[in-house]
Each structure stands twice: as structure tokens, then as C-alpha cells.
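Remarks on the structure that follows.
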Amino acid sequence: MSKPRVIACADRQTVARRARELVSAQIVATVSRRHVFHLALAGGSTPQPLYERLAADPWCVPWPAVRFYFGDERCVSPDDPESNYRMARETLLDRLPIAGEQIERMRAEDRDRERAAADYVRKLPLKLDLVLLGLGTDGHTASLFPDSPAVRDQQRRVVVTTGPKPPHERLTITPPVLRDADELLVLVTGAEKANVLKQVLLGDWNPHVLPAQLARRGTWIIDREAAGELPSGGFEED
Ligand code: 6PG
């Protein structure tokens, strides 16, 4: 299991700055070779400063070549305050020079959740270039929650799941999608994440209990508060 690259920044804004630099550089490099970039966005609150920074200077990235996906979505209307799509639309997507066809939204509000999951599988590329992820205090990432059937699913690529974090019903990508992705970038901020972050990064391999360990091979950009229980020297200083 390759070691995670961990970059510790002073605070949430420097996490967002460093993440913007990394995401922008990956998009520019990949688009120069393959003329397209498949990016899966994370939900929750942590990525919002990153999205706002990416939107603030829209011309530094070839956005017309980027196709946007979602790692998970709550089963609510797309204009619900709890919708990951709404959050991404307001902080990033509405502010970029892109066409609506570049955004592949999870239709998690559909009454037939299983059909919505199957439809999304057909929209996902076989390999995402970059998956943005967060970390829950219980060790979940995307909507892969501890001991859930979704975290054990090695066949399907998008499934319906429920979790303890409301809204409880969700669609989520599964471990095979994380496994096949070129790059994983996890953003973690706040002292409340320090203990689970140490367990995820340094604990025994047990992704059914700590699903965020599925991103252990990725790059983790964290703030000082989240780094509070990591051994000094266990990460790069920004
Ligand atoms: C979601 C996210 C979820 C999130 C973590 C961290 O839909 O809620 O996919 O995995 O990344 O729960 O959430 P915060 O960034 O709000 O701490």
C-alpha cells in the first residue's frame, strides 16, 4: 500500500490555496496531453474555499476541457440547501466558462434511486483523472460509511446507500471507482478530524471500518488543527 503524501498547511485558506495549485496543475498537464479531464467533486463544507478559489481565476485552467462528476449526492432536490450539486454550482460551476453538458449530475432526487445509480454508472468514465474527497469524523469518505454494504461493494460503481450523517439516503461511488482513479485528493481541516485522520493514515488497514483508508494512496492536504495527532515529520509543511 503506497504511503499517502500529506501536506500540512497553516489554516483552511492555505489548504484551499495549495489544493487550487495542485488541481489546476493537474488539469493543465492532463489536458495538454489528452484534451479532456474527468474531475469528481466532493461534497460537504471543506472543499468550498477550494471551489471559490478555482472560480476566482477562471482563465488559469482550460475549463472547457473539464467534465465534472460527483463522488456522492444526497437524495434531495438539486436546489435543496443540502445538495452537493447546489453547493458546487454556487461556489464553482456557475462561475466557470463551461457548458451545462460538461456537468454530469447524480439524479439522486429521483424516486427510483436504483435506476438513478445505474444511469450514473453509464455517465462515469472508466477512469477518473482526479477524485476530490473529504473525511468524516467517523472515517467515511464520499458516502462510503463504516460497515456499510457500499464500502464492501467490489462489483458496482455507483450504489444507493444510507448513512448516519443527514440527509441519510445518498448515491455514492464505490471502492472500484476510487481504486481505478488516477489521482485522489483529500482535504481535511479542523481539530475534530485530528483523531480519525491519524487512525486513517497510520492505523491498521481496515477500510470497511475506516472507508477513507481507500484514499490512503492519495494526496492529503490538511490544516494544522487536523494534523494535531500526527507525529511531527509525518508530513510536508506548506
Ligand atoms: C458529503 C460528503 C462527505 C464529506 C464529509 C466531510 O456529501 O457529506 O461527500 O463525505 O466530505 O462528511 O464533510 P465536511 O467537509 O462538511 O466536514
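The values are calculated or read from the model by the stated rules, or taken from the named source; none is laboratory data. These numbers come from a predicted model, not from an experiment. Because the Cβ atoms are built from the backbone with ideal geometry, glycine has one as well, and the counts that use them run over all protein chains shown. Keep in mind that these areas ignore ligands, DNA and RNA; they rest on the heavy atoms of the full protein, side chains included. Shrake-Rupley method; radii C 1.70, N 1.55, O 1.52, S 1.80 Å.
If the requirement is being more than 29 Å from E192 (Cβ to Cβ), touching a Phe, Trp or Tyr at 6+ places or on another chain (Cβ under 8 Å) and at pLDDT 95 or above, which of these qualifies: V36, V61, V31?
Working: V36 fails: touching a Phe, Trp or Tyr at 6+ places or on another chain (Cβ under 8 Å); V61 fails: touching a Phe, Trp or Tyr at 6+ places or on another chain (Cβ under 8 Å).
Exactly one residue qualifies, and that residue is V31.
V196 meets all of the listed conditions (1) surrounded by fewer than 17 Cβ atoms within 10 Å (Cβ to Cβ); (2) under 20 Å from I7 (Cα atoms) but one, namely (1). Note on region 96-109: residues that are free of Cβ contacts under 8 Å to residues at least 12 places away in the same chain and buried (at least 20 other Cβ atoms within 10 Å of the Cβ) amount to 0.
Rundown of residues vs (1) polar (S, T, N, Q); (2) under 16 Å from the mean Cα position of the chain (by Cα); (3) assigned to a helix (DSSP H, G or I), yes/no style:
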residue	(1), (2), (3)
Q13	yes, no, yes
R17	no, no, yes
L22	no, yes, yes
A25	no, no, yes
A29	no, no, yes
S32	yes, no, yes
H38	no, yes, no
G44	no, yes, no
Y51	no, yes, yes
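Residues being hydroxyl-bearing (S, T, Y) and assigned to a loop (DSSP other than H, G, I, E, B): count how many of those fall in region 138-155. Give the steps one after another, and end with the answer.
So in region 138-155, the residues hydroxyl-bearing (S, T, Y) come out as 141, 143, 148.
Going one step further and asking which of them are assigned to a loop (DSSP other than H, G, I, E, B), we end up with 143, 148.
Adding up the residues that qualify gives 2.
Which is basic (K, R), under 24 Å from H38 (Cα atoms), in contact (Cβ under 8 Å) with a residue 24 or more places away in the chain and not in a loop (DSSP other than H, G, I, E, B), of R217, R179?
Working: R217 fails: not in a loop (DSSP other than H, G, I, E, B).
Unique residue meeting the criteria: R179.
For region 146-164, a residue qualifies if it is touching a residue at least 40 places away in the same chain (Cβ under 8 Å) and either under 13 Å from G71 (Cα atoms) or open to solvent by 20 Å² or more (accessible area, probe 1.4 Å) (or both), and the qualifying residues are P146, D147, R152, V158, V159, V160.
Among the candidates R113, R122, single out the residue that is more than 10 Å from the ligand (Cβ to nearest atom) and touching a Cys at 6+ places or on another chain (Cβ under 8 Å). Walk me through it before giving the result.
Numbers: R122 fails: touching a Cys at 6+ places or on another chain (Cβ under 8 Å).
Among R113, R122, only R113 is more than 10 Å from the ligand (Cβ to nearest atom) and touching a Cys at 6+ places or on another chain (Cβ under 8 Å).
Mind checking whether some residue in region 61-74 is of a type outside the set (S, T, N, Q) and surrounded by fewer than 16 Cβ atoms within 10 Å (Cβ to Cβ)?
Here is the first cut: in region 61-74, the residues of a type outside the set (S, T, N, Q) are 61-74.
Restricting the remaining residues to those that are surrounded by fewer than 16 Cβ atoms within 10 Å (Cβ to Cβ) gives 64.
Yes - at least one qualifying residue is present in region 61-74.
If only residues of region 16-44 that are polar (S, T, N, Q) and touching a residue at least 60 places away in the same chain (Cβ under 8 Å) are counted, the one that is nearest to the ligand (Cβ to nearest atom) is Q26.
No other residue among L135, L187, L171 is assigned to a loop (DSSP other than H, G, I, E, B), surrounded by 23 or more Cβ atoms within 10 Å (Cβ to Cβ) and in contact with a strand residue (DSSP E or B) (Cβ under 7 Å, 6 or more places away or on another chain) apart from L135. Pairing each residue of region 115-139 that is under 20 Å from I27 (Cα atoms) with any residue that is open to solvent by 50 Å² or more (accessible area, probe 1.4 Å) and within 16 Å of the ligand (Cβ to nearest atom), provided the two are 6+ apart or on different chains, yields C-beta distances under 9 Å for G134/S45.
Of all residues in region 1-45, those being open to solvent by less than 30 Å² (accessible area, probe 1.4 Å) and of a type in the set (S, T, Y) number 2.
Against the condition in contact (Cβ under 8 Å) with a residue 12 or more places away in the chain and farther than 25 Å from R157 by Cβ, how does C60 come out, does it pass?
Yes; evaluated as a whole, the condition is true for this residue.
Can you find a residue in region 79-95 that is within 16 Å of the ligand (Cβ to nearest atom), open to solvent by less than 20 Å² (accessible area, probe 1.4 Å) and among the β-branched types (V, I, T)? Yes.
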